[in-house]
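Here is the structure we will look at, set down as structure tokens.
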Amino acid sequence: MSPLFFVLAAFLVIAVTLMAVSGAGRSRLLVISAAVMIIGVLTSYIMLGRPDMTRPQAASPAVLQSRALAKMDETRAILERSKDASIKNWTELANQYWALGQPEKSAEALALGAKIAKTEEERDGLLGAQAQALITANDKVVGAEAQALFEGILARNSDDLRALFFLGLAAEQAGDKDKTKTYWGRIIDIAPEDTPWRKTLLARMGQVGTAKPAQSAVPGPAKPLSLSDGPQRDMIMGMVGRLAKRLQSEDGTAEDWAKLGRSYGVLGRYEEALIAYDKALAHAPESAAIKQAREAIAAQEK
């Protein structure tokens, strides 16, 4: 407590003592006035706090994100030491990293989850998500590590749609028209005719070799984010909410709105994700990537 408090308290005690021993009316009146003044000062002190101390300011979004990431890193360290860590633990952590724009760390968490998978199907699902996160971290370019992961998946399951799509994308980015049509042609052959993105992929195949290779449009992990209640969840939800509020007041680019759509998609808020993608398409109506991302969310909403 501040020394000022004790000084004022001492003055109050002295004033009361003088009032008790003083017999003169005038002296008594002066002492009472002084006591009232000191009591007022003390009351203000108690109500307003120390005048020499500044009030704490709310943490900035960057600080909140840094704290959330630190908590996630702590969780990862605990999971790595634990013998009871489950695939659900790792996928939830991966989704949390993804929601905060950390695809590299998301990929690492998915890789650790894949190591404890009990079935081939479960492992390939995690490896495919890992490869997808690596592509996002690599500015939507299918790098060597992601390509190797998808090739391994395809070797075990020749009809894996995600592996076929991204290997086709890798071929498109490399300018290999024949490989692109082989991979994507296989998707057209096995995908049901009412699949939402089938027509888009057919149109894109017709542009192979004539247009600049487009970027990946898949918005993120297929399952929505699952977070328990607590500060970490509040921080993530808060950051998405602030992004939405900023875009509503200032508008933004197609990329900004698509980012919001991806965030809502990961959180499982599909209706809001669709609205965000519609805003993105208003800025970039010819973007095949945004159209495919929207179609992927629309399919999940059904």
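Using the Cβ-Cβ distance between Ser158 and Glu80 with R0 = 22 Å, the FRET efficiency computed as 1/(1 + (r/R0)^6) comes to roughly 0.05. This ranking places Phe165, Phe150 by how few other beta-carbon atoms lie within 10 Å of each, fewest first, which gives Phe165, Phe150.
Shown in residue order for region 126-136 are the 3J(HN,Hα) couplings computed by the Karplus curve 6.51 cos²θ - 1.76 cosθ + 1.60 at θ = phi - 60°: 6, 5, x, 5, 4, 4, 5, 5, 4, 5, 4 Hz (x for Gly and Pro). Ranked for footprinting exposure by Cβ neighbours inside 10 Å, fewest first, Ser86, Ser287 give Ser86, Ser287. What does the C-alpha gyration tensor say about the overall shape of region 61-207? Classify as rounded when a/c is under 1.5, otherwise prolate if a/b is larger than b/c, or oblate. Cα axes put region 61-207 in the prolate bin. Applying the Karplus relation 6.51 cos²θ - 1.76 cosθ + 1.60 with θ = phi - 60° to region 73-90 yields 3J(HN,Hα) values of 5, 5, 4, 4, 4, 5, 5, 5, 7, 7, 8, 9, 4, 10, 4, 4, 4, 6 Hz, where x marks Gly and Pro. Going by neighbour counts of Cβ atoms within 10 Å, the residues Lys140, Lys115 line up, fewest first, as Lys115, Lys140.
Every read-out reported here was derived from the displayed coordinates using simple, explicitly stated rules and does not represent laboratory data. Since we're looking at a predicted model, the values are computed, not measured. Positions of Cβ are backbone-derived with ideal geometry, glycine not excepted, and every protein chain shown enters the neighbour counts.
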